[in-house]
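So that we are looking at the same thing, I have put the structure below in structure tokens.
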Amino acid sequence: HSPTLTKIIITPDQTNPFFYQSRHSRPSVMNDTTSPSDDNNGGDADIARHGNNKPICTVWHGYDIVLTDNCHLSEAKRVAHNNEQNPPEDQAAHHAKLVRLESWRRKSSGQSDDYGWLRQLDLRSDIPSIDEIRDWSFDVLEFEETVLINVFIQMLEFYNLLEKFRLDRKTLERYGREVMAMHHKDCYYQKVDIETKGVEDELKPEILCEYHNWYHAVSCAHVSFLFLTLGGADAYLCPIERFCAIMGALIHDLDHPGTNNDFEVKRSTSLAKLYGNDAVLERHSINMGLNLCQENPDLDWLKSFDEKDREYVKHFMAQSVLATDPSRHADIVKEALAFVEEGPQDYQSTSSDGKLSSSSSPMTYFNQNDPQHRLFIGRLILHAADISNPLHISFEVASDWAIRVTTEFSKQAKKEKQLQLPVTTFMDGLDSQAEIAKVQIGFFNFMVKPLFHTLGILFSDLKMLEDWGEKNCVEYQMVIDARNEEQKDVKSDGESA
């Protein structure tokens, strides 16, 4: 019989992301024919079962409860991933129908518990205005993935870059769509084109990325754009470098597998050997992004530049993307601090048309006539944008990104154990909300804060970002404190008994 889909909105305090401290405290849906599921089912919600042992409801995906009368699609994918037998054709078709019912929504991947931090969104299909995009509260995760191609184009158009370099809009749109397709799918993204994608294609094994996907790429491009427009970095960069900053961000994690460089090196993969164990994934992304232009004339935006500018674009983008390699973080911070220590200088500025200005220039940390200064700004912008999620003005957004990246961490730690490789310590044991909160606070204090404190000195209009990060850490600390108090109460009760 036909599947059903019922939406139940959880209300009052239950919508608070901290309301449920564990899976056991979440509400469940029961009736006379159901019994509680085994909590070790490995999914993201409790499963109620009836007599024939088929799941008939999934309980509390974030703020909603989705009821169906059949197995969840993720179970079929899990079976396919494990190279077990494929689901019967009629059952697979039934799963596809369920996906259509749930299209344009996000929910947990079933990889791990989301602790209420992964928002369940009805994705927007409208095109945001440039005023909405040019705001720190803008959230790429709210939109259908194809809408973000337009967001990318609008950021370029803000600086009139298409007209200036005679860039063809259709070519850029096709390129953006191809870059979107080459990122591994956001595993929480529910849109499936039933008419053009067969059931067998949908169920075949594939890499799914919670964090390093198209949404992260556009988020990084967007924050780079804000550094330029609202942070004042565009005062130092010429138009071609502004283009590189946005385009470089879009491709900086292209074809990212959801594991890090160290994982490639430890496994001695072909990519690690090809790039000499140095910035393996970054170099791979650069080559993938630029090769698209060389291999397909319909995607070749590079042809709009003359030979000299083409080489400059490739060099500027490559150096900027390489700066996102975490192993280069300390060097980036050190270089930035060197500018701070030297202090503002009276550099001779240039006007917008590239001619030297006869008037005296203000005291600045950077010399816009120095190509090395401008290249460093490009590197600084992209690296900072890449690790900026903990600083989002909304904790709801920051914690959404947090659960995504830590889920990827947990998956890598699990793979390392399976392959008997040294396990990355900070990626292991992220099995509670409090442990995830600890990782976020540690990441902020160790990497994010030193960089953004320095960034706020170099670009005074960015000072508030560090404060937003501190505010989010206070929220995370509340989670840790609540867990500690809970453990004290449990210990006290045990001693009393």
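Residues of region 423-435 being open to solvent by 10 Å² or more (accessible area, probe 1.4 Å) and not aromatic (Phe, Trp, Tyr), which ones?
Once the filter is applied, which keeps residues that are open to solvent by 10 Å² or more (accessible area, probe 1.4 Å) and not aromatic (Phe, Trp, Tyr), region 423-435 yields VAL423, THR424, THR425, ASP428, GLY429, LEU430, ASP431, SER432, GLU435.
Same structure again: Say whether the condition of being within 16 Å of ASP253 (Cβ to Cβ) and either under 22 Å from the mean Cα position of the chain (by Cα) or not in a helix (DSSP H, G or I) (or both) is met by at least one residue in region 296-318.
Taking every residue of region 296-318 in turn, at least one turns out to be within 16 Å of ASP253 (Cβ to Cβ) and either under 22 Å from the mean Cα position of the chain (by Cα) or not in a helix (DSSP H, G or I) (or both).
Here are the criteria: (1) farther than 17 Å from ASP168 by Cα; (2) surrounded by fewer than 21 Cβ atoms within 10 Å (Cβ to Cβ). Tell me which single one ASP298 does not satisfy.
All conditions are met except number (1).
OK, next. In the set GLY469, GLY456, which member is small (Gly, Ala, Ser), under 15 Å from SER399 (Cβ atoms) and surrounded by 16 or more Cβ atoms within 10 Å (Cβ to Cβ)?
GLY469
Follow-up. Say we look at region 402-422 and pick out the residues that are under 27 Å from ALA217 (Cα atoms) and either among the polar types (S, T, N, Q) or not in a helix (DSSP H, G or I) (or both); which of these is most open to solvent (accessible area, probe 1.4 Å)?
SER410
Need the failing condition index for GLY276 against (1) part of a loop (DSSP other than H, G, I, E, B); (2) surrounded by 14 or more Cβ atoms within 10 Å (Cβ to Cβ), just the number.
In the conditions (1) part of a loop (DSSP other than H, G, I, E, B); (2) surrounded by 14 or more Cβ atoms within 10 Å (Cβ to Cβ), GLY276 misses (2) alone.
Which residues, counting only those in region 387-401, are surrounded by fewer than 20 Cβ atoms within 10 Å (Cβ to Cβ) and of a type in the set (Phe, Trp, Tyr)?
Correct list: PHE395 only.
Follow-up. Show the residue pairs meeting these rules: Cβ distance below 7 Å; 6+ apart or different chains; first residue within region 211-231 and within 14 Å of ILE149 (Cβ to Cβ) and at pLDDT 95 or above; second residue among the charged types (D, E, K, R) and surrounded by fewer than 24 Cβ atoms within 10 Å (Cβ to Cβ).
TRP214/GLU145; TRP214/ASP186; TYR215/ASP186
What do you reckon, is PHE165 of a type in the set (Phe, Trp, Tyr) and more than 27 Å from SER304 (Cα to Cα)?
no
Do we have VAL448 as crowded, with 20+ Cβ neighbours inside 10 Å, assigned to a helix (DSSP H, G or I) and at pLDDT below 95 here?
For VAL448, the condition - crowded, with 20+ Cβ neighbours inside 10 Å, assigned to a helix (DSSP H, G or I) and at pLDDT below 95 - is not met.
Separate question: Can you run down the residue pairs with Cβ atoms below 8 Å, 6 or more apart or on separate chains, where the first is in region 322-335 and closer than 22 Å to PHE263 by Cα and in a helix (DSSP H, G or I) and the partner is small (Gly, Ala, Ser) and open to solvent by less than 60 Å² (accessible area, probe 1.4 Å)?
LEU322/ALA279; SER327/ALA279; ARG328/ALA279
On the given criteria, is HIS256 under 27 Å from LEU161 (Cβ atoms) and part of a loop (DSSP other than H, G, I, E, B)?
Yes, satisfied.
Specify which of the listed residues (LYS438, LYS491, LYS463) is more than 24 Å from PRO257 (Cβ to Cβ), in contact (Cβ under 8 Å) with a residue 40 or more places away in the chain, open to solvent by 50 Å² or more (accessible area, probe 1.4 Å) and among the basic types (Lys, Arg).
The conditions single out LYS438.
The values are calculated or read from the model by the stated rules, or taken from the named source; none is laboratory data. Since the model is a prediction, treat every value here as computed from it, not as a measurement. Cβ: placed from backbone, ideal geometry, glycine included. Neighbour counts: every protein chain shown. Ligands, DNA and RNA are stripped out before the accessible areas are found, and what is left, the full protein with its side chains, is counted by its heavy atoms. Shrake-Rupley method; radii C 1.70, N 1.55, O 1.52, S 1.80 Å.
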